[in-house]
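J.: Submitted below is the structure of interest, expressed as structure tokens.
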Amino acid sequence: MIKSMTGFGRGQRIIDQYDITVEIKSVNHRYYEFSSRLPRHYNYLDEKLKSYMKGNISRGKVEVSVTINNLNGKEASIKADKLMAQGYVNALREISTELGLEDDLKLSNLLKLPDIFNVQKISDDEEYIWNIVKQTAAGAIDKFVSMRENEGAALKADLLLKLENVEKTLSFVEEQSPKTAVNYRERLYQKLKEILSDNEIDEQRIVTEAAVFAEKIAVDEETVRLHSHLNQFRELMDSDEPVGRKLDFLVQEINREINTIGSKAQDLEITKCVVDMKSEVEKIREQIQNIE
């Protein structure tokens with residue numbers, strides 16, 4: 001099953017006192033590129049998430065956003081240094097007495113003084129936090145992959161239709177190609193007849209010239225390879241493995257065979273067919289840029 005490289009998935013869970021949300025989104029990219037947006041103090045999750053996501057995503061520019069809220073509100077521990085505060089109070093009152101100033105000392109004055117309050121982030125168990133984030137991320141990945149698969153199914157249907165169009169046109173080329181040689185032989189005969197008038201026409205020379213021309217414009221090998229490439233394209237789309245790069249390479253081979261047919265073409269109808277096939281293949285090439 002082919003998958004699109006664009007997708008979105010969101011997971012949200014409350015585990016113990018933590019409310020966790022994980023969002024995953026991706027867009028097209030030649031390789032796997034990862035970035036994350038994490039709360040302060042949780043940057044250690046970046047590499048873990050990168051590895052975890054890569055186990056489920058092989059290509060695409062992936063961005064993961066994580067929010068972690070402690071429902072108990074105990075993100076930090078704040079402690080007051082009472083001895084330090086008392087020291088400030090004593091010093092300030094001593095100054096006010098010696099200088100004859102009004103003692104208007106309030107608690108709000110102490111808040112501006114350094115070293116009275118000590119704020120410490122409560123240390124989390126990193127392995128525990130990673131486990132609960134991973135559980136939430138698993139749900140987000142399921143939705144993310146499901147969206148990629150749904151878009152991939154739509155891409156596959158469109159690509160199969162375009163492949164069918166190429167094959168229909170190719171069938172016409174296979175029918176028309178032998179007629180081109182016959183028409184050339186007939187034109188050659190009529191031309192010689194006009195030039196030589198009543199003189200005898202060398203039938204063997206005409207046969208030889210027609211055979212050389214037929215060999216020159218023969219596209220049997222190209223059409224056989226082209227059919228093979230188209231069949232292989234279908235087989236790859238049924239694969240469970242990421243096939244975007246393989247399909248990209250195969251499209252180059254398909255285009256090469258069509259170009260060769262075009263270079264050999266000595267017939268206006270075949271030339272038109274080549275243009276039509278190249279147009280469809282270009283559309284296919286654009287579509288597979290979205291495939292993982």
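J.: Please go through segment 20-32 and pick out each residue that is over 16 Å from residue 144 (Cα atoms) and modelled with pLDDT under 95.
T.: If the condition is that a residue be over 16 Å from residue 144 (Cα atoms) and modelled with pLDDT under 95, then 29, 30, 31 are the ones that fit.
J.: Then there is this: Is there a residue in segment 241-249 that is at pLDDT 85 or above, assigned to a helix (DSSP H, G or I) and of a type in the set (Lys, Arg)?
T.: yes
J.: Out of everything in segment 80-115 that is at pLDDT 80 or above and among the basic types (Lys, Arg), what residue ends up being farthest from residue 36 (Cα to Cα)?
T.: So, considering only residues that are at pLDDT 80 or above and among the basic types (Lys, Arg), the one farthest from residue 36 (Cα to Cα) is 93.
J.: Just a yes or no: is a residue in segment 176-186 hydroxyl-bearing (Ser, Thr, Tyr), at pLDDT 65 or above and over 26 Å from residue 262 (Cβ atoms)?
T.: For segment 176-186, residues hydroxyl-bearing (Ser, Thr, Tyr), at pLDDT 65 or above and over 26 Å from residue 262 (Cβ atoms): absent.
J.: May I pose another question? Please return the ranges of helices (runs of 4 or more DSSP H) entirely within segment 1-110 where 2 or more residues are over 16 Å from residue 129 (Cα atoms) and under 53 Å from the mean Cα position of the chain (by Cα).
T.: Because the criterion is at least 2 residues that are over 16 Å from residue 129 (Cα atoms) and under 53 Å from the mean Cα position of the chain (by Cα), the helices (runs of 4 or more DSSP H) in segment 1-110 that meet it are 45-54.
J.: Do we have residue 261 as hydrophobic (A, V, I, L, M, F, W, C) and either in contact with a Gly (Cβ under 8 Å, 6 or more places away or on another chain) or farther than 24 Å from residue 177 by Cα (or both) here?
T.: The answer is no for residue 261.
J.: Tell me whether segment 115-130 contains one or more residues that are assigned to a helix (DSSP H, G or I), of a type in the set (D, E, K, R) and buried (at least 17 other Cβ atoms within 10 Å of the Cβ).
T.: Within segment 115-130, not a single residue is assigned to a helix (DSSP H, G or I), of a type in the set (D, E, K, R) and buried (at least 17 other Cβ atoms within 10 Å of the Cβ).
J.: Collect the residues in segment 31-46 that are under 13 Å from residue 68 (Cα atoms) and exposed (fewer than 11 other Cβ atoms within 10 Å of the Cβ), keeping them in residue-number order.
T.: Residues satisfying the conditions are 40, 43.
J.: Of the conditions (1) touching a helix residue (DSSP H, G or I) at 6+ places or on another chain (Cβ under 7 Å); (2) surrounded by fewer than 17 Cβ atoms within 10 Å (Cβ to Cβ), residue 17 fails just one. Which one is it?
T.: The number of the failed condition is (1).
The values are calculated or read from the model by the stated rules, or taken from the named source; none is laboratory data. All of these numbers come straight from a predicted model, not from anything done at the bench. Neighbour counts are summed over all protein chains in view; Cβ atoms, including those assigned to glycine, are modelled from backbone coordinates with ideal geometry.
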